[in-house]
1. Which ones in segment B:3-22 are part of a helix (DSSP H, G or I) and more than 7 Å from every other protein chain (Cβ to nearest Cβ)?
2. Looking at A:ARG110, A:ARG27, which is the one that is within 24 Å of B:GLU22 (Cβ to Cβ), modelled with pLDDT of 90 or more and not in a loop (DSSP other than H, G, I, E, B)?
3. Tell me, which residue of segment A:109-168 that is within 11 Å of chain B (Cβ to nearest Cβ) and of a type in the set (Val, Ile, Thr) is surrounded by the most Cβ atoms within 10 Å (Cβ to Cβ)?
4. Working only within segment B:29-43, note down all residues that are at pLDDT 90 or above and within 7 Å of chain A (Cβ to nearest Cβ).
5. Among the listed residues A:ARG151, A:ARG156, A:ARG141, A:ARG166, which satisfies the condition of being farther than 16 Å from B:LEU8 by Cβ, in a helix (DSSP H, G or I) and either of a type in the set (S, T, N, Q) or modelled with pLDDT under 95 (or both)?
Amino acid sequence: MPDDLNERFARLIDEFGARLRRLVEMRCRGAIDADDVEQEVRIRLWQALERDRNAPFSASYIQKAVVSAVIDAHRRAAVRATEPLPEGDADALVEPGRPDRSASADEEVRLLAIAIGELPQRRQLPLRLHLQGFSLVEIARLTASSDEAVRKLVSRGLEELKVRLRAMGIGDAGLGDE
Amino acid sequence: MSDRLSELYRKLSDQGAAPDAEALARLAAGDDLGADRDALLAQVAESRAAADALAIALAISDNAAALARAIAPREARVDVRHAGASYRRGVPLPWLAAAAAIAVGFALMLEVSAPVQPSPRDVASDAAVSPGAAADSLSEGSFEPTSIVAADSFESDTPPELFSDDFDA
């Protein structure tokens, strides 16, 4: 690569890396190390360039490098000891005044899985994606549905889920609706 | 939406197996995955790692496109070179064109040099001529003694022009 192109590429990859780091920090909230992800992506891109200078270098290829780095970081984090929920968070799940129906955080997770599984099939995927943090617009795009259809499916799915969870003993405190 | 619910769900999907990175990148790029899309999305929904990876890939797609464009001049040079190669492969070669031209010329030459076949009309008109006057084209020629050989006789009164110069003079 000529020097000017090298410089331009280096500058862009710096900008790209900074944005990637911010996104990982925002999205993953400490679950994985943003610096590690950024460094990994940089290395993969440079290695790809060095390996084959004439290889097509598309946006999709760069996205693949990002996806791989994030997934690998999650795998590394999973290998490490799973941290228990902080004590305060676990307490928040306990319905005040109903200690007999309180549950540990793990139990809450188990009940949540059951409750989601009982929802109508068509509402499950949009709702799961929403709970994973995707916006309604992103879900609509991913599922090739209209924004309005996704909004209805997620909204009704959420309401129904909350009703089911309350019935299982997970109160509004646990759902954060106070 | 309750953040707490989302947090619980993400904990639930902590152990979910992430799908292939290539497939996720294609999903992020908006490629048509056909029937595989729903299964892939279900995996994303059940895997925190996949969901994070896909969400970040979606969010960074503009930057990825800019980065890819930064390398575009390098790609363009490659494309031109490849395009040239394919052009040479795609267009008939000059020697092939020359060979075709020679073949056409040869065919024309054969046609011109072939013996002339009288057309039925010509035959009919010949038959209309009286039998006495019938003669082939060769016999129609005149062989009068004014032929060049006879005219060039050295016994002629006027010498041929070639010999008009008197070298002995």
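The values are calculated or read from the model by the stated rules, or taken from the named source; none is laboratory data. Source: prediction; values computed, not measured. Glycine also receives a Cβ, built like all others from the backbone with ideal geometry; neighbour counts cover every protein chain displayed.
1. Residue satisfying the conditions is B:GLU7 alone.
2. Criteria check complete, one pass: A:ARG27.
3. Looking at the filtered set, the residue picked out is A:ILE139.
4. B:LEU41, B:ALA42
5. Going through A:ARG151, A:ARG156, A:ARG141, A:ARG166 in turn, the sole match is A:ARG141.
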